[in-house]
Amino acid sequence: MTFSVPEDVDVVLPCLNEAEALPWVLDRIPPGWRALVVDNGSTDGSADIARRLGATVVHEARRGFGAACHAGLTAASATTVCFCDCDASLDPALLVPFVREVQDGEADLVLGRRRPRGRGAWPAHARAGNIALALMLRRRTGLRLHDLGPLRAARREALLGLGLTDRRSGYPLQMVVRAADAGWRVTEHDVPYLPRSGASKVTGTWRGTLQAVRDMSRVLAEAPGVATTAAAHPTARGGTRR
């Protein structure tokens, strides 16, 4: 049995020197979806490779994971927007059921819970930092999530309504915190997490992990209710949490 691929979807791919991984990542974008590669100052020809492989390239001069993600979100035009790392650690084809869940009105934000596959897929320091942040997120919002991974899907207009301001590594967490504050239904599904291509720009070292934790701790200190009215109840049904 075959299932149709949801339509009207843009995939935001923040990119900093990912020339080696781009061909595999872009080849895994579901048919009919648009890949938005956000070049964040690459020096290895990533932008040219992405363009040659059919992706739409967005340039973001301000360095930072959040800056790249938000540039992609504002450049998107599809009803549904997905996010995926551009380092071949996550398969964008796994986003199909995420999008279907959003478009069917079953969830407002769908996240991938990373399950490491292969040696070195998720260094101990990065995993420890993620666990700590997930626990802090649970205390702050009540969401029983296990991961703050970058593979995710939601409606574009609702995401813009969250008024996201973080432009560093706290961006993914701020999205979840503000979604929770706005009453969104947030769900989480297991996804295989593969050894990335090249060195991590965020959590490749203990120092990078600690900086990410500091960035995200600032996000958790936000007062509830910052999200705009446009972000509340992005679908017709009321919000629930899991």
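Points to keep in mind about this one:
- Using a Förster distance of 51 Å, the FRET efficiency for D104-H125 (Cβ separation, nearest 0.05): 0.85
- Which of D147, D108, D190 has the fewest Cβ neighbours within 10 Å, and the rest in rising order: D190, D147, D108
- Of all DSSP bridge pairs formed entirely within segment 9-229, close to 25 percent run antiparallel.
- From the alpha carbon centroid of segment 12-74 to that of segment 107-182 is 20 Å.
- Here the Debye sum runs over all C-alpha atoms of segment 49-137 as equal scatterers in vacuum, and log10 of I(q)/I(0) at q = 0.14, 0.22, 0.24 Å⁻¹ comes out as -0.72, -1.38, -1.37.
- Net lengthening on full extension, E7/H189 (0.36 nm per residue, minus Cα-Cα): 63.4 nm
- This ranking places W122, W33, W24, W184 by how few other beta-carbon atoms lie within 10 Å of each, fewest first, which gives W24, W122, W33, W184.
- Taking the charge dipole of segment 1-146 about its Cα centre, with +1 at Lys and Arg Cβ atoms and -1 at Asp and Glu Cβ atoms, the residue from L26, V57, V99 reaching farthest to the positive side is V99.
- By the beta-carbon count within 10 Å of each Cβ, the least crowded to most crowded order of M175, M136, fewest first, is M136, M175.
- Charge dipole magnitude, Cβ of K and R +1, D and E -1 - segment 9-229, Cα centre, debye nearest 20: 660
Since every read-out is calculated from the coordinates, none of them should be taken as a lab result. Values in this document were obtained by computation on a predicted structure and should not be read as measured data. Methodologically, a virtual Cβ is constructed for each residue, glycine included, from the backbone with ideal geometry; neighbour enumeration extends over all protein chains shown.
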